[in-house]
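Data first, discussion second: the structure below is written as structure tokens.
The values are calculated or read from the model by the stated rules, or taken from the named source; none is laboratory data. If you're wondering where the values come from, they're calculated on a predicted model, not measured in any experiment. Note that we place each Cβ from the backbone using ideal geometry, even for glycine, and neighbour counts take in every protein chain shown.
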Amino acid sequence: MTATPPLPSPLTLPPAGLVLARDKADGWRAERGFKQLTVWGHDTLPGSADGVPRVLQWLRVAEAVAAPIPAAEVDAALAAEAKET
């Protein structure tokens, strides 16, 4: 069986991150870090129902939602809305 080449990923290269755990006192704490990510069973291209690509898509959405909006963009949107009403 031939392995397919890895798909591009929005993760940093090499992938790195923290494993978080609930902490009763502070809410969350970093339990440990990781510098490698293994996805088992990917000797074929993942399908649309595959969990890993869906999680990676969610990370891009979460990053876009959490990104700050420049003040000029907010002012322009408010001005446009004021003109409509």
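Quick test for you: out of Val39, Val74, Val52, pick the one residue that is surrounded by 10 or more Cβ atoms within 10 Å (Cβ to Cβ) and either modelled with pLDDT of 85 or more or in contact with a Phe, Trp or Tyr (Cβ under 6 Å, 6 or more places away or on another chain) (or both). Outline the logic, then answer.
Numbers: Val39 fails: either modelled with pLDDT of 85 or more or in contact with a Phe, Trp or Tyr (Cβ under 6 Å, 6 or more places away or on another chain) (or both); Val52 fails: either modelled with pLDDT of 85 or more or in contact with a Phe, Trp or Tyr (Cβ under 6 Å, 6 or more places away or on another chain) (or both).
Checking each option against the conditions leaves just Val74.
Looking only at the stretch 14-35, decide whether some residue is in a loop (DSSP other than H, G, I, E, B) and modelled with pLDDT under 70.
Checking the stretch 14-35: at least one residue is in a loop (DSSP other than H, G, I, E, B) and modelled with pLDDT under 70.
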